[in-house]
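The values are calculated or read from the model by the stated rules, or taken from the named source; none is laboratory data. The structure presented is a predicted model; accordingly, all values stated were derived computationally and were not measured. Cβ placement follows ideal geometry from the backbone for every residue including glycine, while neighbour counts extend to all protein chains displayed.
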Amino acid sequence: MNIHVAPRSRTSFESGPAVVVSNLVRSYGSRVVIDRLNLRIERGEFVALLGESGCGKTTLLRALAGLDSIQAGRIVAPRRPAVVFQEHRLLPWDSLWRNVSLGLRLQHARERAAEALTEVGLGDRLDDWPRNLSGGQAQRVALARALVQQPELLLLDEPFAALDALSRIRMHQLVRELVANHQPGVLLVTHDVDEAIALADRILVMRNGAIAFEHRAVRDASTTISRAELLGELGVNSHSTN
């Protein structure tokens with residue numbers, strides 16, 4: 001096993017990638033979940049990862065976050081990538097600004113938290129409590145907590161799956177704006193084909209522990225992949241009926 005972790009700094013990947021994965025292997029007993037996987041995400045690039053349940057998507061994300069070990073391969077990534085999970089994981093006994101500033105060792109942590117909450121539209125709720133938030137608002141706080149660290153790599157593990165349709169659309173708009181402003185490399189693990197098409201610069205499909213399909217979007221051209229094509233890559237055949 002060969003893992004290299006780059007020191008956290010704003011200049012680590014300014015002229016290079018946010019993360020590089022080479023020949024990554026992860027298994028549980030005799031079951032190989034990730035099989036010699038290679039991946040590179042540039043700073044400012046938004047990558048969506050699709051695949052059937054159990055194909056290794058979340059295992060890969062956890063490995064990139066440093067939450068899971070690997071058997072072989074190499075990961076070059078920031079020391080502490082920011083992660084947003086499906087559950088917001090806010091501490092109910094702390095105010096919103098304290099939740100956002102968790103882990104910040106700065107004299108002006110409250111001011112930094114206020115700036116981050118303002119970015120997600122909750123600048124007037126610094127001293128409020130998680131119990132008073134809707135699901136969408138709680139996920140905004142989770143995003144603020146991730147981005148206040150100024151990460152080079154942002155990992156999103158189905159963070160919008162539990163939201164209603166309208167809240168999900170609003171979160172998509174917010175995430176696009178935040179990524180454009182902060183320029184982290186982003187890996188979004190999702191089961192939502194439409195979400196991947198709407199958000200990603202590059203869409204990957206994972207099969208048998210490796211990247212089996214890649215589509216790079218060109219927003220100002222007619223090369224955006226169709227929903228039917230992407231569903232086909234996921235093994236879902238769409239049939240029209242009269």
Q: Tell me which of these VAL47 doesn't satisfy, since it passes every other one: (1) aliphatic (A, V, I, L, M); (2) within 30 Å of ARG216 (Cβ to Cβ); (3) crowded, with 17+ Cβ neighbours inside 10 Å; (4) modelled with pLDDT under 90.
A: (4)
Q: Scan the stretch 105-114 and give yes if some residue there is in a loop (DSSP other than H, G, I, E, B), over 18 Å from PHE160 (Cα atoms) and among the small types (Gly, Ala, Ser), otherwise no.
A: no
Q) For SER69, all conditions in the list (1) touching a helix residue (DSSP H, G or I) at 6+ places or on another chain (Cβ under 9 Å); (2) at pLDDT 85 or above; (3) not acidic (Asp, Glu) hold save one; what is the number of the exception? A) (2)
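Of the residues ARG40, ARG26, which single one is at pLDDT 85 or above and either assigned to a loop (DSSP other than H, G, I, E, B) or closer than 19 Å to ALA196 by Cα (or both)?
ARG40
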**Q.** Tally, over the stretch 65-75, of residues that are buried (at least 16 other Cβ atoms within 10 Å of the Cβ), under 17 Å from the mean Cα position of the chain (by Cα) and over 15 Å from GLU158 (Cβ atoms)
**A.** 2
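So that you can scan it fast, the table gives a plain yes or no per residue for (1) touching a residue at least 24 places away in the same chain (Cβ under 8 Å); (2) within 16 Å of the chain's Cα centre (by Cα); (3) surrounded by 23 or more Cβ atoms within 10 Å (Cβ to Cβ):
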| residue | (1), (2), (3) |
| --- | --- |
| HIS88 | yes, yes, no |
| GLU111 | no, no, no |
| LEU117 | yes, no, yes |
| ARG131 | yes, no, no |
| GLN149 | yes, yes, no |
Q. If you take the residues of the stretch 184-216 that are among the basic types (Lys, Arg) and either in a loop (DSSP other than H, G, I, E, B) or touching a residue at least 60 places away in the same chain (Cβ under 8 Å) (or both), which of them is nearest to PRO78 (Cα to Cα)?
A. ARG202
Q.
Of the conditions (1) modelled with pLDDT of 80 or more; (2) farther than 21 Å from GLU214 by Cα; (3) not basic (Lys, Arg), VAL20 satisfies every one except a single condition; which number is it?
A. (2)
Q | Residue count for the stretch 67-101, restricted to those that are more than 22 Å from PHE160 (Cα to Cα) and not in a loop (DSSP other than H, G, I, E, B) | A | 8
